[in-house]
1. Within region 15-30, can one find any residue that is surrounded by fewer than 10 Cβ atoms within 10 Å (Cβ to Cβ) and over 23 Å from V96 (Cβ atoms)?
2. Checking the structure you have, find out if any residue of region 29-36 is within 18 Å of the chain's Cα centre (by Cα), at pLDDT 85 or above and not hydroxyl-bearing (S, T, Y).
3. How about region 1-14: which of its residues are surrounded by 11 or more Cβ atoms within 10 Å (Cβ to Cβ) and polar (S, T, N, Q)?
4. Any idea how many residues of region 47-73 are part of a helix (DSSP H, G or I), surrounded by 12 or more Cβ atoms within 10 Å (Cβ to Cβ) and free of Cβ contacts under 8 Å to residues at least 40 places away in the same chain?
5. All but one of (1) within 20 Å of the chain's Cα centre (by Cα); (2) farther than 15 Å from L85 by Cβ; (3) modelled with pLDDT under 95 hold for S43; state the number of the condition that does not hold.
6. Among the residues of region 74-104, how many are more than 15 Å from T3 (Cβ to Cβ), among the hydroxyl-bearing types (S, T, Y) and touching a residue at least 24 places away in the same chain (Cβ under 8 Å)?
Amino acid sequence: MKTNLFLIGFFQALGMIAYCALAGGFFWLANNFLAAPSGFLASVLMLVFLVFSVAVSGVIVFGYPAHLALNQRFKDALSLLIYTLLYILGFFIIMVIIVTTLGS
């Protein structure tokens, strides 16, 4: 069965954008509804959240390409990684255009 790497890359990028939106929403809600932690505790919480986010992002972006590479499908793995990163870049550019247009 031939997989559609373009579509898989699109959905991986969409999942990454959704995770970033959830993380940003969490910070926005936390800023509005929770008390700010003190200096040391704030640093520890931020680093823990950073490690968690890197792990989630790594699974979303690199999980399936790693699976393909482990099954000796190196060309498909690299293609999927490139498609995913290009879709993420495209979403980023679209969001920057929207934000700059609405901000003017």
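1. no
2. Here is the first cut: in region 29-36, the ones within 18 Å of the chain's Cα centre (by Cα) are none.
No - not one qualifying residue is present in region 29-36.
3. Those that are surrounded by 11 or more Cβ atoms within 10 Å (Cβ to Cβ) and polar (S, T, N, Q): T3, Q12.
4. Total satisfying the criteria: 10.
5. Result: S43 fails condition (1) only.
6. Count: 1.
The values are calculated or read from the model by the stated rules, or taken from the named source; none is laboratory data. Remember, it's a predicted structure, so these values are computed and weren't measured experimentally. Neighbour counts run over all protein chains shown; Cβ positions are idealised from the backbone, glycine included.
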